[in-house]
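The values are calculated or read from the model by the stated rules, or taken from the named source; none is laboratory data. Predicted model only: the values in this text are computed from it and were never measured. Every residue, glycine among them, receives a Cβ derived from its backbone with ideal geometry; neighbour counts consider all protein chains shown.
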Amino acid sequence: MKKAVFRLTLALLAILFVSCNNKSEEYIDPRGTDYAGSESCIQCHKVQSEMAFKSSHFKATAPAILGNVSGDFDSKNHTFIYDKDTKLVMEKDGDSLYQVLYKNGKETARYKFEIVFGTKHAQTSVYWKNNNTYELPVSFYHSINNWATSPGFPADKPYFDRMVVKDCYACHSSNISSRALNQSSADRNFMSMEVEDVVDKKTIVYGIDCERCHGPAKKHVEFHLKNPNVKVANNITSFKTLSREQKLDACALCHAGNDGMKLKSRFDFKPGDHLSDYFRETRSINDTTQFDVHGNQFRLMAQSKCFANSQKMDCITCHNPHENASKSMASYSKICMSCHQGLQHNETTLKIMPEKLMASNCIECHMPKKSSNAISFQLSNSKQLSNYILRTHKIGIYPNAKK
Ligand code: HEC
Ligand code: HEC
Ligand code: HEC
Ligand code: HEC
Ligand code: HEC
Ligand code: HEC
Ligand code: HEC
């Protein structure tokens, strides 16, 4: 009898094992069966895929494995000093990275880097605790090539209790948690401290992937695999057919600040949707608010005459959605001049810069770099706040921009 039970168990285990194995061959997207995953796009869209996989969008969140984490872990620049007895050290242990707290030379706690946010200007990281993620108190900043306090964190004592709410992931990832949880009232009201969602690690789709911008594409993939001779796109929203407002909304979803009253989760947004169904607009069109240069490219751009009077400028006018922002200022100037032909600057301006040089420097004067008021940081042993600097998207006349 016992033998029979044993054999049966073995047989069941074998079946389970085989079926698990079969499953792992087929990609299952945490968002559901409508999604195909970015890997599936490469075979037909090599150009877009190769660009996009390298972009900041795809790296907006990533698992904190060695190659993904910026910063120094083992030479001089890996210690943040809070006071003479307290320091935080960035340490590598095998393949894992930690922020280790020392009091009077003794280790008192260690927090593992689990997920990183950002690559371009700064990178902040989170650790897991009780099925939620918490921000590590020290972040890496490329402008100083060093560690400093995470935005809003104190420089005189370590702080480990800031939960990174789902809202951060809604702009920095393609999925987290279940859909049902996304629509919970907690998600709608992220400012309230009652956010107690339990985050399921397995449901995270890191970064902003193809289907985050293009919508679920499983049917599109299946159709074109079955019909290789059809060259017209099926079962996918074409940006070409969208109105200007719809195109802008697809970027403004994450590039228009975070102060709107939320009606629906950002995760539910699909291209073609209207942002006004997701956020209750509290601002009038003629708003003169000074928007922050961080995370609010849309509203700043919307305040410029180029945007309002051209009736056609959108984000794609200057950016390839699959590529990082170009670093060539001359390439943007060409775009400016496509609308501003035969332009004449006055004598005073031409004294600052001769016309020849102007032709490739429109950006320096008309989209100058500005400090963010929302983000600042402090270096170890410093009382001074350092500024986070980005270019403004409010194209305009800034008489003091280039002197
Ligand atoms: C088996 C081939 C195949 C696969 C796989 C595939 N596509 Fe396509 N896709 C096409 C074809 C064919 C077109 C139409 C020609 C073109 O625009 O390249 C197209 C067009 C598109 C367009 C442009 C639509 C338009 O009209 O503007 C988008 C966006 C797109 N695909 C997204 C994706 C995404 C995202 C994936 C992966 C999830 C994907 N495709 C996977 C074949 C494929
Ligand atoms: C789901 C949210 C989301 C959407 C939708 C989105 N972005 Fe972004 N975008 C981000 C985040 C987050 C970053 C910062 C990524 C980082 O550096 O880690 C970013 C970065 C960028 C950058 C800077 C990249 C670099 O390194 O130079 C550009 C340019 C950009 N986005 C343009 C666009 C455009 C254009 C659209 C619409 C077609 C768009 N974004 C849609 C979230 C989004
Ligand atoms: C940040 C949002 C965003 C991401 C991420 C993104 N796309 Fe796009 N994609 C767009 C937009 C916007 C357009 C329309 C561009 C235009 O009209 O010039 C577009 C256009 C396309 C087209 C039509 C041809 C073209 O290049 O204009 C294809 C094909 C495509 N995307 C495939 C992909 C694939 C595959 C991925 C992932 C590897 C991807 N996209 C990731 C926003 C995005
Ligand atoms: C409304 C969308 C939105 C939300 C919510 C949001 N971010 Fe961002 N974040 C962005 C965009 C867009 C950028 C890049 C462009 C910029 O700085 O203007 C960015 C940039 C960053 C960067 C710098 C990335 C780089 O490559 O330089 C970090 C780090 C970051 N965010 C972390 C977070 C964290 C942590 C949270 C939650 C507390 C959060 N963000 C919430 C949209 C958002
Ligand atoms: C799609 C067309 C278009 C593009 C691209 C464009 N502009 Fe404009 N721009 C306009 C229009 C239209 C006006 C308003 C002219 C008017 O009403 O007199 C304008 C106005 C301006 C003004 C006057 C602003 C003011 O507040 O008085 C400046 C400066 C300017 N543009 C610079 C630039 C620069 C620099 C670029 C490139 C970064 C650029 N524009 C790109 C269409 C465009
Ligand atoms: C008239 C041209 C123009 C338009 C239109 C435009 N951008 Fe940009 N964008 C730029 C320039 C120039 C930069 C700065 C590149 C640099 O300094 O390396 C930039 C940088 C960015 C960055 C990176 C920020 C940073 O400093 O690293 C983001 C994010 C971005 N743009 C998003 C958007 C979004 C979203 C839209 C539409 C709402 C948009 N842009 C429309 C010209 C433009
Ligand atoms: C050295 C800084 C500087 C550079 C570079 C520069 N501008 Fe200007 N621009 C100004 C200033 C200052 C004004 C206002 C006084 C004037 O018209 O000369 C101005 C005015 C303008 C106006 C408004 C003119 C009007 O009649 O209302 C436009 C449009 C403009 N610039 C576009 C551009 C474009 C396009 C480029 C690149 C080819 C460019 N600017 C390069 C500083 C600059």
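Observations, loosely collected:
- Against the numbered list (1) polar (S, T, N, Q); (2) surrounded by 17 or more Cβ atoms within 10 Å (Cβ to Cβ); (3) at pLDDT below 95, S304 comes up short only at (3).
- The listed residues are I285, I236, and the only one of them that is of a type in the set (V, I, T) and modelled with pLDDT of 95 or more turns out to be I236.
- When A250 is tested against (1) away from ligand 7 (no atom under 16 Å from the Cβ); (2) within 28 Å of E364 (Cα to Cα); (3) assigned to a loop (DSSP other than H, G, I, E, B); (4) among the aliphatic types (A, V, I, L, M), exactly one condition is not met: (3).
- Criterion (of a type outside the set (S, T, N, Q), under 28 Å from the mean Cα position of the chain (by Cα), within 9 Å of ligand 6 (Cβ to nearest atom) and within 19 Å of T392 (Cα to Cα)) met by exactly one of A308, A330, A302: A302
- Number of residues in the range 350-369 that are closer than 24 Å to D259 by Cβ and modelled with pLDDT under 95 equals 0.
- Residue list for the range 361-384, filter: in a loop (DSSP other than H, G, I, E, B) and surrounded by 13 or more Cβ atoms within 10 Å (Cβ to Cβ): N361, M367, P368, L379, S380, S382
- Flag if Q290 is surrounded by fewer than 16 Cβ atoms within 10 Å (Cβ to Cβ), at negative phi and within 16 Å of ligand 4 (Cβ to nearest atom): yes
- Meets criteria (within 15 Å of ligand 3 (Cβ to nearest atom) and without any contact (Cβ under 8 Å) to a residue 12 or more places away in the chain) for A325: yes
- The residues in the range 104-155 that are more than 16 Å from C168 (Cβ to Cβ), away from ligand 2 (no atom under 16 Å from the Cβ), out of contact with any Pro (no Cβ under 7 Å at 6 or more places or on another chain) and assigned to a strand (DSSP E or B) can be counted, and the count is 11.
- In the range 309-322, residue farthest from C210 (Cα to Cα) [restricted to those that are without any contact (Cβ under 8 Å) to a residue 60 or more places away in the chain and surrounded by 13 or more Cβ atoms within 10 Å (Cβ to Cβ)]: M313
- Screening V126 on (1) crowded, with 19+ Cβ neighbours inside 10 Å; (2) touching a residue at least 40 places away in the same chain (Cβ under 8 Å); (3) near ligand 4 (Cβ under 9 Å from one of its atoms); (4) not basic (K, R) shows it passes everything except condition (2).
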